[in-house]
Amino acid sequence: QQIPFGLDQIAMDYQVLGQTEQGGYDVMMAAIKVDVVEKHLEALKPFKSPVAVVDVLPLAAYNWLKYRHQFGDQGDCVALIDLGATTTDIIIERGLQFRFTRPLNIGGNDITKALAEAFNMDFVSAERIKRERCFAPTGDPNRDGKAGEVVGKVLQRLSGEITRSFSYFRSLPGGGQVNRIILTGGGARLKNLAAYLHNQLGLDVKIAQPLADVQVAK
């Protein structure tokens, strides 16, 4: 009932997370369209290497950062916000267990498009300026300038969607109040973003370190 495609069009799997006090079960289900999987596998064919597992992006990001001990072991309510080019994924852990995920249709490209429109330039030029010179608003209009105002409008939409998602999770059985946020993804490299979200959401915000302690041979 939760999947808007025919079952013959998808690949799916599930895992029982635990039993509820009422005698039911909390179940995590992942589903993806088969043609999307095949498109990703097509890129791997030249390497002639067998693929053992295909995972959906929010769970893959969560599992890797969990493996790298980025969430801590206190069992508090932590949100991972993965900012991509076209979408942003929210993943929430509570009690050391995956609890919730939601995709947002806002990403780094939205900032680039807003800059391109505001300054009458092409997408590639706006993307370069965003990476090299732009930052999340500081609250000082003189310092932020017009670019800061443009970036801020997009980030206000993002922070609003994050707030609504946190409120929805809080209302769910087994939900709770998010205590802190971990940022990852290419969009998280926007300068001053962690400080901006801290001010907007009133929560501790840190940038993930997914390659911490990873040793790479020459």
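Give the average over all directions of the projected area of the C-alpha convex hull of the chain, one decimal, in nm².
Taking the Cα atoms of the chain, their convex hull projects to 16.0 nm² on average.
Which order do Thr20, Thr86 take by accessible area at a 1.4 Å probe, largest first?
Thr86, Thr20
Could you work out the helix-only [θ] at 222 nm for the chain, with each DSSP H run of four or more residues adding -39,500 (n - 2.57) and the total divided by the number of residues, to the nearest 500 deg cm²/dmol?
-12000 deg cm²/dmol
Not counting ligands, DNA or RNA, and with a 1.4 Å probe, what is Asp122's accessible surface area in Å² rounded to the nearest 10?
Approximately 90 Å² of Asp122 is accessible to the 1.4 Å probe.
Can you tell me the relative contact order of the chain? Whole percent, Cα pairs under 8 Å, sequence separation 6 or more.
Value for the chain: 17 percent.
Please compute the length gained on full extension between Trp64 and Thr163, using 0.36 nm multiplied by the number of residues separating them and subtracting their Cα-Cα distance.
33.2 nm
Accessible area per residue of the chain at 1.4 Å probe, in Å²?
For the chain, the solvent-accessible area averages 64 Å² per residue.
Mind checking which of Asp144, Asp110, Asp35 has the largest fluctuation in a GNM of the chain, springs on alpha carbons under 10 Å?
Asp35
State the percentage of accessible surface on the chain attributable to carbon and sulfur atoms; use a 1.4 Å probe and exclude ligands, DNA and RNA.
C and S fraction of accessible area: 52 percent.
Which residue fluctuates the most in the chain, going by a Gaussian network model with Cα springs under 10 Å, if the choices are Ala114, Ala85, Ala52?
Ala52
Please identify, among Val150, Val78, Val36, the residue showing maximal mean-square fluctuation in a Gaussian network model of the chain using a 10 angstrom Cα cutoff.
Comparing Val150, Val78, Val36 in the GNM, the peak value goes to Val36.
Assuming a ≥ b ≥ c are the square roots of the Cα gyration tensor eigenvalues, decide whether segment 1-116 counts as rounded (a/c under 1.5), prolate (otherwise, with a/b larger than b/c) or oblate.
Judged from the Cα gyration tensor, segment 1-116 comes out oblate (a/c at least 1.5, b/c at or above a/b).
List the chymotrypsin sites (Phe, Trp or Tyr not before Pro) within segment 1-45 that fall in a DSSP loop (any state other than H, G, I, E or B) and whose Cβ has at most 11 other Cβ atoms within 10 Å.
Those satisfying the criteria are Phe5.
How big is D, in µm² s⁻¹, for segment 89-172 by Stokes-Einstein at 25 °C and 0.890 mPa s if Rh is the Kirkwood radius over C-alpha pairs?
Reported coefficient: 170 µm²/s.
Residue separation times 0.36 nm, minus the C-alpha to C-alpha distance between Lys218 and Gln177: what's the value?
10.3 nm
Keeping all protein chains in the complex and leaving out DNA, RNA and ligands, what accessible area do you get for Val214 with a 1.4 Å probe, in Å² to the nearest 10?
Number for this one is 50 Å².
Given a cut-off of 26 Å, name the pairs among Lys45/Lys206; Lys153/Lys206; Lys113/Lys191 whose C-alpha atoms lie farther apart than that in the structure shown.
Where the Cα-Cα span goes over 26 Å, the pairs concerned are Lys45/Lys206.
Towards the positive end of the charge dipole of segment 90-210, with charges on Cβ (+1 Lys, Arg; -1 Asp, Glu), say which of Gly175, Ala116, Ala147 has the farthest Cα.
Positive-most Cα among the choices belongs to Gly175.
What is the dipole size for segment 1-153, taken about its Cα centre, with +1 at each Lys and Arg Cβ and -1 at each Asp and Glu Cβ, in debye to the nearest 20?
420 debye
I'd like the distance between the alpha-carbon centres of segment 17-62 and segment 103-176, rounded to an integer number of Å.
29 Å
Sticking with the crude label model, points 7 Å out along Cα→Cβ, report the distance from Gln15 to Val54 in nm, one decimal please.
1.9 nm
Rank Leu17, Leu7 by accessible area, highest first, at a 1.4 Å probe radius?
Solvent-accessible surface, decreasing: Leu7, Leu17.
The values are calculated or read from the model by the stated rules, or taken from the named source; none is laboratory data. The structure displayed is predicted, hence computed values, not measured ones. All Cβ positions, even for glycine, are placed from backbone atoms using ideal geometry, and neighbour counts span all protein chains on display. Please note that ligands, DNA and RNA were not included when accessible areas were found on the heavy atoms of the full protein model with its side chains. Shrake-Rupley method; radii C 1.70, N 1.55, O 1.52, S 1.80 Å.
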